[in-house]
1. Which ones in the stretch 116-167 are at pLDDT 95 or above and part of a strand (DSSP E or B)?
2. Can you tell me which residue in the stretch 161-172 is nearest to Ser91 (Cα to Cα), limited to those that are surrounded by 15 or more Cβ atoms within 10 Å (Cβ to Cβ) and aliphatic (A, V, I, L, M)?
3. Quick check on the stretch 275-285: of everything there that is buried (at least 17 other Cβ atoms within 10 Å of the Cβ) and either among the polar types (S, T, N, Q) or in contact with a helix residue (DSSP H, G or I) (Cβ under 8 Å, 6 or more places away or on another chain) (or both), which residue is farthest from Thr214 (Cα to Cα)?
4. Examine the stretch 75-94 for a residue that is hydrophobic (A, V, I, L, M, F, W, C), more than 24 Å from Ile43 (Cα to Cα) and more than 22 Å from the chain's Cα centre (by Cα), and state whether such a residue exists.
5. Which of (1) part of a helix (DSSP H, G or I); (2) touching a residue at least 24 places away in the same chain (Cβ under 8 Å) is the odd one out, the single condition Lys83 does not satisfy?
6. With respect to the numbered conditions (1) in a strand (DSSP E or B); (2) surrounded by 20 or more Cβ atoms within 10 Å (Cβ to Cβ); (3) in the same structural domain as Glu277 (by TED's automatic domain parsing), which one is the sole condition not fulfilled by Pro251?
Amino acid sequence: MYKIGHHKNIIYSYLFLVGIRMKYYNNKNIFVDKASYLREINIFKHKDYKSEKIKLIITWNNKFPIKDATKIVYSPIWLSGKKAEKIILNSNSSIFIGLYKNNFYFSVPIKNHLFPENSYFDLRYLNPLLKNEDLSLLTSSQGLSYWHNKNKYCGLCGTKTIMIDYGHARSCQKKSCNFKNFPRIDPAVIMLITYKDSCLLGRQHIWPKGMHSTLAGFVEHGETIEQAVERETYEETGVIIKNIQYKYSQPWPFPSSLMLGFRAEAKKKKLLINYSELETADWFSKKFLRSSPENDTFKLPGKISIARKLITDWLKN
């Protein structure tokens, strides 16, 4: 049985945070061209490049600058033109995010803030306040920046590495090694398990009083995402499932996860709760959930979370 630890707590911290802040969005209509073919050439000599087409977000203390924090929808400060070009060229940490609406999007971390300190916000806070296109671009920046900060030394020989391919790889500086490392993401599954007119929800003791949510866990080596759904459900609650169906996904760059949402059916309702993983878990009927008191006795995850979407989609059927 997989015992709860730091690795597992990341997912449950996610469920706690996502219930408060994380915006669920369907990015089918937001296509950022990663333009991988540009990473190994001089972008600034590309035939379509012009400095006016640059959109640069600078990050300070892992935070992003916002134009006006009094607006309902926040707008990041995207720099453009020669000023942005100079910052990119003078930095050895410039990340090319991709092409969007014919513009070249970059991010660069800086040591000294260019705007007032109170203009910068953490992406966790910004998440439900941004337009989907800004959220997608800043999520890419956040995930890549974290990966670079954690991979400054070669995993094979221990020599310092340098950023290459405009932030999409790192290379060992030792000539005899020359190992090239690429960014990774950690796939995690989040699943709503149902049995006839009821669904299975659990909670962690670290969550706000009364809050219940779907089960979740990381995908392990040697298994498919469907097998991870099956394993995590059984490990946490003793429930054997069938009819596993993928629904949708959600990027979560805190630090480097991709949440994969599923629905599945339980073969039986009998529970064998693993209390080292969960504080409690139980079956809840559609009737109960539709009239949820949303208080310290019982509450669902936040309305903007992927966990809540799994539940509400099921309630609509």
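The values are calculated or read from the model by the stated rules, or taken from the named source; none is laboratory data. The structure displayed is predicted, hence computed values, not measured ones. Quick reminder, even Gly has a Cβ in these numbers, built from the backbone with ideal geometry, and neighbours come from all protein chains shown.
1. Tyr120, Phe121, Tyr153, Lys160, Thr161, Ile162, Met163, Ile164, listed by residue number.
2. Step by step, filter the stretch 161-172, then rank; the result is Met163.
3. Glu277
4. Looking for residues that are hydrophobic (A, V, I, L, M, F, W, C), more than 24 Å from Ile43 (Cα to Cα) and more than 22 Å from the chain's Cα centre (by Cα), one finds none in the stretch 75-94, hence no.
5. For Lys83, the exception is condition (2).
6. Every listed condition holds for Pro251 apart from (2).
Results for (1) surrounded by fewer than 20 Cβ atoms within 10 Å (Cβ to Cβ); (2) in contact (Cβ under 8 Å) with a residue 12 or more places away in the chain; (3) within 30 Å of Leu137 (Cβ to Cβ); (4) out of contact with any strand residue (DSSP E or B) (no Cβ under 6 Å at 6 or more places or on another chain), shown as yes or no for each residue.
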site: Val189; (1), (2), (3), (4): no, yes, yes, no
site: His221; (1), (2), (3), (4): yes, no, no, yes
site: Ala228; (1), (2), (3), (4): no, yes, yes, no
site: Lys268; (1), (2), (3), (4): yes, yes, no, yes
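Conditions (1) assigned to a loop (DSSP other than H, G, I, E, B); (2) surrounded by fewer than 18 Cβ atoms within 10 Å (Cβ to Cβ); (3) small (Gly, Ala, Ser), marked per residue:
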{"residue": "Lys174", "(1), (2), (3)": "yes, yes, no"}
{"residue": "Asn178", "(1), (2), (3)": "yes, yes, no"}
{"residue": "Leu192", "(1), (2), (3)": "no, no, no"}
{"residue": "Ile206", "(1), (2), (3)": "yes, yes, no"}
{"residue": "Arg231", "(1), (2), (3)": "no, yes, no"}
{"residue": "Lys242", "(1), (2), (3)": "no, yes, no"}
